[in-house]
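Let me begin by presenting the structure, written as structure tokens, before commenting on it.
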Amino acid sequence: MTANRLRLPVLAGGTTALLGLAIALAFFYAPTDADQGLSQRIFYVHVPLALTSYACFGWGAWKALRYLRSRDERADLESYVAIHQGVIFGALTLLTGSIWARISWGVWWTWGEDQLVLFLVLFLFYSAYFMLRFSIEAGPARANMCAVYALFGVVLIPVSFLAIRLSKSFIHPVVFNLKGPQMTGPQFLTFCVCLAAMLALFATFYAIELAGKRLDRSLRELRELIA
């Protein structure tokens, strides 16, 4: 078995183990928050999901830049898959955030919070990427337009992130500042493991989807040759 065939099972196995460790730490190791109680534990899912979605969109933009420089079709496909994963993680971010807000503060959503609206704008912007991609026939023109679109969207990532840093809202309490993480040692360790688990999950899903897309393309080209 080649190294490439071994890589994905090893990655999936490592991700599964890391996710199990993250869940165990979040529920049984991290201390219960004095103000929010058990509902605060969703922090260890919600924030890593959000940061992973940023990573997905950033990776998609990097691959888009690579495509514009090299015109390599592989980079276009990799950009598409990364953005697809980013939209999935973004949807989960919005879902877990709404659940956390409802349990802790009694609201599902509030339009008066800039950080919430900006993340929604980022999510909708990249969701519209697929409308653009599938409204144009496959080829260099579609790849060029999608790459430019992906690069424009990456500007929204620091804006969305800084909105949370600058916010004074109770909905998004700032736990990282210039003095470091405003958490106890066990909380910070749990957060780091959960973030690593989410990033590993993205890497696994990215590799699986990319392998599937490449196989589908190869089969389609083979059918065209036979026909």
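The values are calculated or read from the model by the stated rules, or taken from the named source; none is laboratory data. Remember, it's a predicted structure, so these values are computed and weren't measured experimentally. All Cβ positions, glycine included, derive from the backbone under ideal geometry; neighbour counts span all protein chains shown. Accessible surface areas use protein heavy atoms only, side chains included; no ligands, DNA or RNA. Shrake-Rupley method; radii C 1.70, N 1.55, O 1.52, S 1.80 Å.
Structure notes:
- The set of residues in segment 124-163 being open to solvent by less than 70 Å² (accessible area, probe 1.4 Å), in a helix (DSSP H, G or I) and free of Cβ contacts under 8 Å to residues at least 12 places away in the same chain consists of A128, A141, R142, P158.
- Scoring G97 on the criteria (1) modelled with pLDDT of 90 or more; (2) under 16 Å from M198 (Cβ atoms); (3) surrounded by 17 or more Cβ atoms within 10 Å (Cβ to Cβ) leaves a single failure, condition (1).
- Of all residues in segment 40-94 being within 18 Å of A207 (Cβ to Cβ) and aliphatic (A, V, I, L, M), the one that is surrounded by the most Cβ atoms within 10 Å (Cβ to Cβ): I83
- Top-ranked residue of segment 100-123 - restricted to ones that are of a type in the set (A, V, I, L, M) and more than 30 Å from K213 (Cβ to Cβ), ranked as most open to solvent (accessible area, probe 1.4 Å): I103
- Hey, R41 over 24 Å from G90 (Cα atoms) and either at pLDDT 90 or above or outside any loop (DSSP other than H, G, I, E, B) (or both) or not: no
- Taken over segment 59-101, the residue count meeting the criterion of being in contact (Cβ under 8 Å) with a residue 24 or more places away in the chain and not in a helix (DSSP H, G or I) is 1.
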